[in-house]
Amino acid sequence: MSYGTRVAVGIDVGGTFTDLAALHDDGTVHTTKVLSVPADRAQGVLNALSAAQLPADRVAHIAHGTTVVTNLLLERRGAPVVACATQGFTDVLELRRQERAALYDLSQQHVAPLVSRAQVVPVPERMAPDVVVAPLTDVAIDAVVADALSKAETHHAETIAITLLHAYGDPRHEQQLAEALRIAIASRGLALDVVTSHEVLPEIREYERMATTVAEAYARPAVRRYLAGLSDRLAIDGYPAPRVMTSAGGTLEAHDAAHHAAALALSGPAGGVTGAAAIASALGVSRALTIDIGGTSADVGLIYDGEPLVERGGGVAGIPIALPRVLVEAVAAGGGSIAWLDDGGALRAGPESAGASPGPAAYDRGGLRPTVTDAHVVLGTIAAGEWSGGVRISREKAAAAIATVATPLGVSVERAAEAIITTADAIMARALRRVSVERGVDPRGLPLIAFGGGGPLHACGLAERLGMREVIVPPHAGVLSAVGLALAPERRERLTSCVTTADGLNDDALAVLLTTAARELGGERTGLDARWWLRARYVGQGYELDVPVQPGDAVATVVQRFVERHEQRAGFTLDRAVEFISARTTLSSTPWPVRFARPVRDGVLPDDVDDGRAMHRTLVGPTVVRLPDATMRVASGWTARALEIGGWHLEMT
């Protein structure tokens with residue numbers, strides 16, 4: 001394979017497949033798909049590079065989407081942590097926010113915090129938002145340091161997290177305690193890291209700030225080891241250390257990402273929405289829903305005003321991560337999701353997945369339980385035979401697996417397969433409604449951008465459920481997440497606390513706040529694109545909206561912008577003062593150029609000669625088109641037309 005002068009590489013490690021996209025400096029794209037290695041995700045990265053036959057001296061950078069943090073939180077395999085909290089507030093993680101684990105099920109319990117009460121050290125100090133109530137004395141610091149190091153030894157801790165009350169406004173006490181701990185750690189030759197909340201999340205809300213800081217401390221050692229190991233293994237073959245996609249949609253160099261572990265909690269899914277946004281931009285689409293259906297899950301997102309919608313909050317495995325993130329809702333409805341019957345005899349799909357090993361029964365790799373992929377194989381929407389990634393599809397194996405649920409239901413395997421797909425569609429449609437309707441966006445006027453190995457298969461059915469009339473199947477649909485990773489810019493982010501009413505902030509102070517944050521974040525670097533947002537709300541509200549702002553904007557302009565956004569999102573405005581909570585600043589490099597152009601073969605009808613003629617045709621459903629890395633189903637009542645940039649535009653007729 002011939003490559004251009006420089007190549008940007010994106011590698012998306014999924015539960016079933018590892019996808020690689022190589023973007024040449026002239027904008028063209030080559031893609032590769034291999035099976036993942038669940039026991040060694042880094043090996044999947046190396047296997048993809050080997051299969052792509054990429055010369056190391058041509059690679060400008062490698063961008064990597066990782067689920068390391070997600071898996072650590074799901075499986076509770078992070079590093080033991082000792083936490084230091086203001087005396088009287090050591091139970092914040094236990095108290096949470098008085099929300100039930102399940103509204104109508106009193107037997108459900110919240111997941112346990114990442115640190116137990118025995119691992120929390122009380123700190124005798126007290127900050128109010130604007131004044132020191134109880135100073136942190138040298139005697140108290142010495143006692144806390146001794147207690148923290150003793151607990152660290154007892155619990156085999158690798159990190160110490162400091163989260164003191166109101167440190168977002170005045171971090172002096174956290175800084176004093178952190179300095180004393182680091183001096184003591186160095187003098188004793190201990191391998192302990194210190195994490196402070198004012199550096200991780202300088203914002204109001206003590207529970208979310210403490211939970212996010214502890215999550216950072218919990219995940220950081222494993223992330224550091226993973227990235228160091230991956231970098232070393234890449235270096236053996238002459239490849240550069242990887243950049244890592246953050247939850248907010250930019251990338252960080254490996255050494256920076258190792259110190260921002262909590263910001264990687266949703267690293268994997270962010271690449272797909274970034275790639276979909278590039279497709280939307282190429283087509284002149286400003287708003288769209290996206291769905292990425294892989295082997296383990298379906299990830300749903302929203303493109304708003306031409307960009308992936310970025311929000312604060314969310315969480316993983318019941319642990320709040322209150323950092324900026326690309327809005328992605330993941331549901332367990334991927335191609336590998338296992339179909340089963342509950343105690344009442346009702347058909348279910350997921351959350352358990354067949355993954356890459358053994359995989360769906362149709363892969364003939366030892367899997368016996370029925371999956372969504374097996375249902376498609378039985379119905380013929382996924383063709384039997386050889387596929388990319390070294391997979392051979394067997395209809396006989398798929399039918400045998402589907403029969404295990406068809407027989408108890410007393411239906412044919414074909415009817416059971418249809419029911420499995422319908423069940424999975426219902427799960428995904430609910431997720432699409434949540435990311436759109438709950439944010440004041442009517443999905444009926446938007447296109448659905450469907451990608452991943454299963455996205456184009458389910459797109460028409462999902463669109464019909466939401467009243468949507470357009471579907472876009474992008475070029476490189478099966479590996480679009482990897483494309484998004486490759487073209488994503490390098491990005492640094494900074495949060496700055498600024499709790500004040502709009503009346504208490506003048507135009508000059510606003511400009512100084514924004515430009516100072518950008519200068520401190522960027523250092524001496526030039527050529528970076530700076531952007532700013534203010535988190536704003538009406539006084540007394542419990543939630544905020546991010547409002548874009550520029551240093552030259554007047555405060556009154558920002559307030560009006562907030563009022564308009566609030567009316568669009570919530571459907572109403574209030575005759576009440578507006579207050580600002582924090583400022584978010586990003587500095588981004590120029591995205592890698594990409595030229596979406598029609599591949600040599602975009603799709604071939606099952607009964608057509610493989611000469612590329614299908615790409616010039618208008619297809620009328622029902623029909624199935626096998627794409628280079630996915631399968632597209634055009635449902636009855638739908639028409640598909642080839643796009644000039646590659647891919648397909650489907651419209652309900």
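The values are calculated or read from the model by the stated rules, or taken from the named source; none is laboratory data. All of these numbers come straight from a predicted model, not from anything done at the bench. Cβ sites come from the backbone with ideal geometry, for glycine too, and all protein chains shown count toward neighbours. All accessible areas refer to the heavy atoms of the entire protein, side chains included, with ligands and DNA or RNA removed. Shrake-Rupley method; radii C 1.70, N 1.55, O 1.52, S 1.80 Å.
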**OP:** Please specify each residue of the range 177-198 satisfying the condition of being surrounded by fewer than 18 Cβ atoms within 10 Å (Cβ to Cβ) and free of Cβ contacts under 8 Å to residues at least 24 places away in the same chain.
**Re:** Glu179, Arg182, Ile183, Ala186, Ser187, Gly189
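Scanning for something open to solvent by less than 40 Å² (accessible area, probe 1.4 Å), of a type in the set (D, E, K, R) and part of a helix (DSSP H, G or I), does the range 163-176 turn up at least one residue? Step through it out loud before you land on a result.
Applying the first criterion (open to solvent by less than 40 Å² (accessible area, probe 1.4 Å)) to the range 163-176 yields 163-168, 170-171, 173-174.
Filter once more, so that each one left must be of a type in the set (D, E, K, R): 170, 174.
The next check asks that each one be part of a helix (DSSP H, G or I); those that pass are 174.
Yes, the conditions are met somewhere in the range 163-176.
Please enumerate the residues belonging to the range 317-341 that are part of a loop (DSSP other than H, G, I, E, B) and open to solvent by 10 Å² or more (accessible area, probe 1.4 Å). Show your work before the answer.
Initially, the range 317-341 is screened for residues part of a loop (DSSP other than H, G, I, E, B), giving 317-318, 321-324, 327, 332-336.
Those that are part of a loop (DSSP other than H, G, I, E, B) and open to solvent by 10 Å² or more (accessible area, probe 1.4 Å): Ala317, Gly318, Ile321, Ala322, Leu323, Pro324, Ala332, Gly335.
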Original post:
Hey, Asp147 hits all of (1) exposed (fewer than 15 other Cβ atoms within 10 Å of the Cβ); (2) more than 35 Å from the chain's Cα centre (by Cα) but one; which does it fall short on?
Top reply: (1)
Subject >> Those residues of the range 279-305 which are open to solvent by 30 Å² or more (accessible area, probe 1.4 Å), part of a loop (DSSP other than H, G, I, E, B) and over 20 Å from Leu73 (Cβ atoms), in sequence order >> reply: Gly284, Val285, Ser286, Arg287, Asp305
Original post:
If you go through the range 346-371, how many residues are modelled with pLDDT of 90 or more and surrounded by fewer than 16 Cβ atoms within 10 Å (Cβ to Cβ)?
Top reply: 2
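So if I check each of Glu94, Glu158, which one is open to solvent by 50 Å² or more (accessible area, probe 1.4 Å) and out of contact with any Leu (no Cβ under 7 Å at 6 or more places or on another chain)?
Numbers: Glu158 fails: out of contact with any Leu (no Cβ under 7 Å at 6 or more places or on another chain).
Step by step, each of Glu94, Glu158 is checked, and only Glu94 is open to solvent by 50 Å² or more (accessible area, probe 1.4 Å) and out of contact with any Leu (no Cβ under 7 Å at 6 or more places or on another chain).
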Original post:
If you go through the range 217-226 one residue at a time, do you hit one that is open to solvent by less than 60 Å² (accessible area, probe 1.4 Å), touching a Cys at 6+ places or on another chain (Cβ under 9 Å) and either in contact (Cβ under 8 Å) with a residue 40 or more places away in the chain or part of a loop (DSSP other than H, G, I, E, B) (or both)?
Top reply: no
**OP:** Could you tell me whether the range 470-488 includes any residue that is assigned to a helix (DSSP H, G or I) and either over 21 Å from the mean Cα position of the chain (by Cα) or surrounded by fewer than 19 Cβ atoms within 10 Å (Cβ to Cβ) (or both)?
**Re:** no
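Yes/no matrix, rows are residues, columns are (1) surrounded by 13 or more Cβ atoms within 10 Å (Cβ to Cβ); (2) touching a Phe, Trp or Tyr at 6+ places or on another chain (Cβ under 7 Å); (3) not β-branched (Val, Ile, Thr):
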{"residue": "Ala102", "(1), (2), (3)": "no, no, yes"}
{"residue": "Asp105", "(1), (2), (3)": "no, no, yes"}
{"residue": "Pro113", "(1), (2), (3)": "yes, no, yes"}
{"residue": "Ala118", "(1), (2), (3)": "no, no, yes"}
{"residue": "Val123", "(1), (2), (3)": "yes, no, no"}
{"residue": "Arg126", "(1), (2), (3)": "yes, no, yes"}
{"residue": "Val133", "(1), (2), (3)": "no, no, no"}
{"residue": "Ala140", "(1), (2), (3)": "yes, no, yes"}
**OP:** State all residues of the range 376-401 that are over 28 Å from the mean Cα position of the chain (by Cα) and touching a residue at least 40 places away in the same chain (Cβ under 8 Å); if no residue qualifies, say none.
**Re:** Leu379, Gly380, Thr381, Ala383, Ala401
Original post:
Out of curiosity, is Tyr239 touching a Gly at 6+ places or on another chain (Cβ under 6 Å), aromatic (Phe, Trp, Tyr) and open to solvent by less than 40 Å² (accessible area, probe 1.4 Å)?
Top reply: no
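Could you please find all residues in the range 563-579 being part of a helix (DSSP H, G or I) and open to solvent by less than 80 Å² (accessible area, probe 1.4 Å)? Outline the logic, then answer.
Residues of the range 563-579 part of a helix (DSSP H, G or I): 563-570.
Selection gives Val563, Arg565, His566, Gln568, Arg569, Ala570.
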Subject >> strands (runs of 3 or more DSSP E) completely within the range 372-469 that count 1 or more residues being farther than 25 Å from Met652 by Cβ, open to solvent by less than 30 Å² (accessible area, probe 1.4 Å) and out of contact with any strand residue (DSSP E or B) (no Cβ under 7 Å at 6 or more places or on another chain) >> reply: 391-393
Original post:
Using beta carbons and a limit of 7 Å, which pairs, at least six apart or on different chains, have the first residue in the range 42-61 and under 17 Å from Tyr226 (Cβ atoms) and the second one assigned to a helix (DSSP H, G or I)?
Top reply: Ala42/Gly229; Ala42/Leu230; Ala42/Arg233; Val45/Leu230; Leu46/Arg233
Original post:
Which of the residues that make up the range 36-51 are surrounded by fewer than 22 Cβ atoms within 10 Å (Cβ to Cβ), among the hydrophobic types (A, V, I, L, M, F, W, C) and outside any loop (DSSP other than H, G, I, E, B)?
Top reply: Ala42, Leu46, Ala51
